[in-house]
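Everything below concerns the one structure shown next.
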Amino acid sequence: MTLAPLLKAVSTEGFAADLHHALAQSQRSISPKYFYDEQGSALFEQICELPEYYPTRTELALLRKHAAELANLIGPQAQLIEYGAGALSKVRLLLAQLERPQAFVPIDISGPHLLQACAALQADYPSLNIQPVVGDFSRAVALPAPAPAGGQRVGFFPGSSIGNFTPPEAQAFLAMTAEQLRGGGLLIGVDLIKDPDLLHAAYNDSQGVTARFNLNLLERARCELGAQFAADGFRHSAFYNAPLQRIEMHLLSMRRQVLRLQGLDYVFEAGETLHTENSYKYSVAGFQALAERAGFRAGPVWTDAHNWFSLHWLQAPAS
């Protein structure tokens with residue numbers, strides 16, 4: 001079957017408005033969704049291959065080990081919805097085990113990257129009904145088909161991206177997905193609290209790929225919005241904020257400078273930052289409690305031998 005048409009485009013205007021808003025604040029912060037233009041998506045795939053970046057390989061090992069068990073929970077004729085789909089590498093481990101999936105609906109903000117990944121997946125699964133949606137998965141996008149009559153509507157949210165939300169935002173996102181997935185469930189990857197040295201290494205890799213990924217947000221602003229700033233004016237900064245149990249990523253101003261955006265000037269003093277990402281870490285019990293407040297019922301959990309990462313099955317409310 002052929003790929004379904006895209007249902008939503010991501011606008012440059014939204015990026016411009018959010019960046020202006022961020023730069024006008026005394027504590028500047030912007031959503032990490034703007035990392036993921038075509039170049040940013042490619043850089044993130046490189047990050048996932050780095051030796052310091054444990055989440056990807058740990059989660060893949062869990063998916064390989066428990067794929068048959070997970071497929072039994074998902075059941076036959078399921079409609080599988082992947083939030084923040086990316087390269088579609090992890091979902092292949094589920095698709096290889098699923099019985100007659102009704103459709104696969106990958107949602108991602110980077111259109112070219114998503115379509116390329118869908119084309120490769122379609123070549124390997126020619127009978128699979130793939131219905132890509134380009135859009136912001138953190139909001140309630142319109143899904144392209146009703147829930148299947150003979151199976152469940154199941155969400156798949158790997159990669160610990162839930163950590164990019166603050167806890168209240170995470171609860172709101174989970175409440176939204178609980179409504180979308182009524183009668184089904186959600187399989188979600190969650191990074192766990194661990195030694196800060198491991199976290200620091202993962203977000204400050206020796207090859208500097210994460211730094212390029214972070215700095216690419218400014219490069220995107222230059223290319224798409226005509227932003228003007230000194231090429232060497234900002235540096236990648238990432239650290240673990242232990243009281244808040246999160247990694248923070250910032251773009252750190254190296255000196256007093258002006259960033260010009262669409263005719264407006266924004267002054268950065270030396271040491272001021274644009275906060276670009278949080279990555280919250282959870283305990284298993286803490287995340288289950290959060291999910292239950294959002295309307296899910298906590299189900300089985302799988303962790304690796306080091307307790308670095310977890311996969312959670314969450315049962316959605318009855319339809």
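Bear in mind these aren't lab numbers, they're just calculated from the coordinates by the rules spelled out. Since the structure is predicted, the reported quantities are computational estimates derived from the model, not experimental observations. Here the Cβ positions follow ideal geometry from the backbone for every residue, glycine too, while neighbour counts run over all protein chains shown.
For His306 and Thr166, what does the FRET efficiency come to when R0 = 25 Å and r is the distance between their Cβ atoms, rounded to the nearest 0.05? Result of the calculation: an efficiency of 0.40. Measuring max minus min along each principal axis, the C-alpha atoms of the chain give extents of 61, 42, 34 Å (largest first).
Taking only the Cα atoms of segment 17-85, the radius of gyration and Dmax are 17.8, 52 Å. Fully extending the segment from Ser319 to Gln97, taken as 0.36 nm per residue of separation minus the present Cα-Cα distance, adds 77.4 nm. Under a Gaussian network description of the chain, with springs only between Cα atoms under 10 Å, the residue in Gln102, Gln25, Gln152 that fluctuates furthest is Gln25. Hull volume per residue, based on the alpha-carbon atoms of segment 257-319 and their convex hull, is 184 Å³. Within the listed set Glu52, Glu224, Glu292, the Gaussian network model of the chain (springs between alpha-carbon atoms below 10 Å) gives the highest mean-square fluctuation for Glu224. What residue among Gly271, Gly151, Gly84 shows peak mean-square fluctuation when the chain is described by a Gaussian network model with Cα springs under 10 Å? Looking only at Gly271, Gly151, Gly84, the largest GNM fluctuation is found for Gly271.
Charge dipole of the chain (Cα centre as origin; +1 on each Lys and Arg Cβ, -1 on each Asp and Glu Cβ, all else neutral): 440 debye, rounded to the nearest 20. Note on the chain: dipole from Cβ charges, positive end direction compared against Gln131, Pro158, Gly40; the farthest Cα belongs to Gln131. With a simple spin-label model that places each label point 7 Å from the Cα along the Cα-to-Cβ direction, the separation between Ala270 and Gln46 comes to 3.0 nm. A Förster distance of 45 Å, applied to the separation of the beta-carbon atoms of Ser26 and Ala175, puts the FRET efficiency at 0.90. Taking only the Cα atoms of segment 182-275, the ratio Rg/Rh comes out at 1.10, with Rh defined as the Kirkwood radius. For segment 119-239, the Kirkwood estimate of hydrodynamic radius, built from reciprocal distances between every pair of different alpha carbons, is 18.3 Å.
Volume of the convex hull of segment 110-181 (Cα atoms only), normalised per residue: 111 Å³.
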